[in-house]
1. What does the structure give for B:22-29 when I average, per residue, the other chain Cβ atoms found within 10 Å of the residue Cβ?
2. How far apart, in nm, are two points set 7 Å out from the Cα along the Cα-to-Cβ line at A:Val149 and at A:Lys81?
3. Keeping every protein chain in place, order A:Trp157, A:Trp50 by accessible area at 1.4 Å, biggest value first, i.e. largest first.
4. Got the relative contact order for the range B:120-227 handy, in percent, Cα pairs under 8 Å and 6 or more residues apart?
5. Within 10 Å of each Cβ in A:153-164, how many Cβ atoms from other chains are there, averaged over the peptide?
6. Students often check this: by mean Cβ neighbours within 10 Å, which of B:49-60, B:208-219, B:173-184 ranks highest, and how do the rest follow?
7. For B:Leu75 paired with B:Lys35, estimate the spin-label separation in nm (one decimal), with each label point 7 Å from Cα along the Cα-to-Cβ line.
8. In terms of solvent-accessible area of protein heavy atoms at a 1.4 angstrom probe, what is the ranking of B:Ile164, A:Ile49, highest value first?
Amino acid sequence: MIAQIVLRDRSAFSALYDATSAKLFGVCLRVLDNRAEAEEVLQEVYIRIWHKADSYTVTGHSPMTWLITVARNLSIDRLRKRKTKTKPIDDAVELADDRPGPEAEAIASSERAQIEACMTELDPRHAEAVKRVYLGGETYNDLAEAQNVPLNTMRTWLRRSLLKLRECLTR
Amino acid sequence: MSDPEDEYGDSTLAAEYVLRLLDPSEHASFEERLKDDPQLRRLVHDWEAHFAPIAGEIAPVAPPPRAKQSINAALHGEAKPSRAWSWGWFTGFGSLAAAAVAAFLIFAPILNPPDLTPSFQAELAAPDGSLVVTAGVIPATHEIVLDRVVGAAPPGRVLELWLIAEGATAPVSLGLLAAEGTTRIVVPDDIAPGVRTGTIALSDEPPGGSPTGAPTGTILATGTFVDL
């Protein structure tokens, strides 16, 4: 159907929106924690999808992976624009939400199981940090302040965790 | 943030890029490198795919109807939802069933896109048959889809695909083959017209591809396209 969107098929686009907008709106909301901004970014996301559907095939991603990546990145861009000073960690949106959404299956459950299994091999604080970064758009600065460690220490920790994660994911 | 990058390597750097952890200057120089480093793009791609499932835990939240209207207004200049048949097509279902049906409708064409079948194909074969790769071209997307049938790159080397267009004086690199599975390479618009009548070739190159922009290793296999 993304292929049809490349061909400017509006009904395909409409169906794609109906099937995926709730999930992507959820992603925007999680990152931005602000409905009005999330709504604006959601619009940017679908406008991007309409115009960039042709580049989708290049990425080789599964459709949902591509859509989530676009939604997440545009949300982070918006967050960074807005952010003039670091957000206190207490304001960070709640991260633990284990309810599987109806689209949970849209990303191969094996992929999800893999990242989840690998995250559990990390120091829990670091796994939490990776999640905060991915879903909350936190920076090294935010993380360092929250954990009360120097910036470079934070970066070293996280990079070690990323190395470990990579090692686990390619196992 | 002046840690040496080497200790952690490009994979970690790619992960930081995907997570948007790099500072603006690092981010910019990474993007600069991405432009002509297929290996690096591969790393970014892999991390995107690894991290996206983290969003699986996020519960869907229905956006207000005006969001869709605004998108349509922006894209198609419509103030009201389109009259297309599909509007409200899914609304009669229970939400779970609708999501399942819609997901099927959406993903099924991707798995078997009718209009994206290769229309010409080449077989790249080594003279001794030790390496055979098929290449199909999808004109609509300017993609070459490559599958290794026999053989692989020599240990510690990678396979790089080249195009020698008819009348051209030098080969142009089209990209690297993945170590496993199918590789899809998008040919830039300016050289795409030369693919059908040109010769394509595979050479073995150091990891990351030819450092010079011309083949540096052995040309292992060549082929030309025929219409399907």
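The values are calculated or read from the model by the stated rules, or taken from the named source; none is laboratory data. On a predicted model such as this, the values are computed, not experimentally measured, just so you know. All Cβ positions, even for glycine, are placed from backbone atoms using ideal geometry, and neighbour counts span all protein chains on display. The protein model used for the area step is the full one, side chains on, heavy atoms only, and it has no ligands, DNA or RNA in it. Shrake-Rupley method; radii C 1.70, N 1.55, O 1.52, S 1.80 Å.
1. Numbers: counts 2, 3, 1, 0, 0, 0, 0, 0.
Mean inter-chain Cβ contacts per residue within 10 Å come to 1.
2. For A:Val149 paired with A:Lys81, the spin-label model returns 3.4 nm.
3. Ranked list, largest accessible area first: A:Trp157, A:Trp50.
4. Answer for the range B:120-227 is 32 percent.
5. Taking all residues of A:153-164 together, the mean is 4.
6. In decreasing order of mean packing, B:49-60, B:208-219, B:173-184 become B:49-60, B:173-184, B:208-219.
7. 3.0 nm
8. Accessible-area ranking of B:Ile164, A:Ile49, largest first: B:Ile164, A:Ile49.
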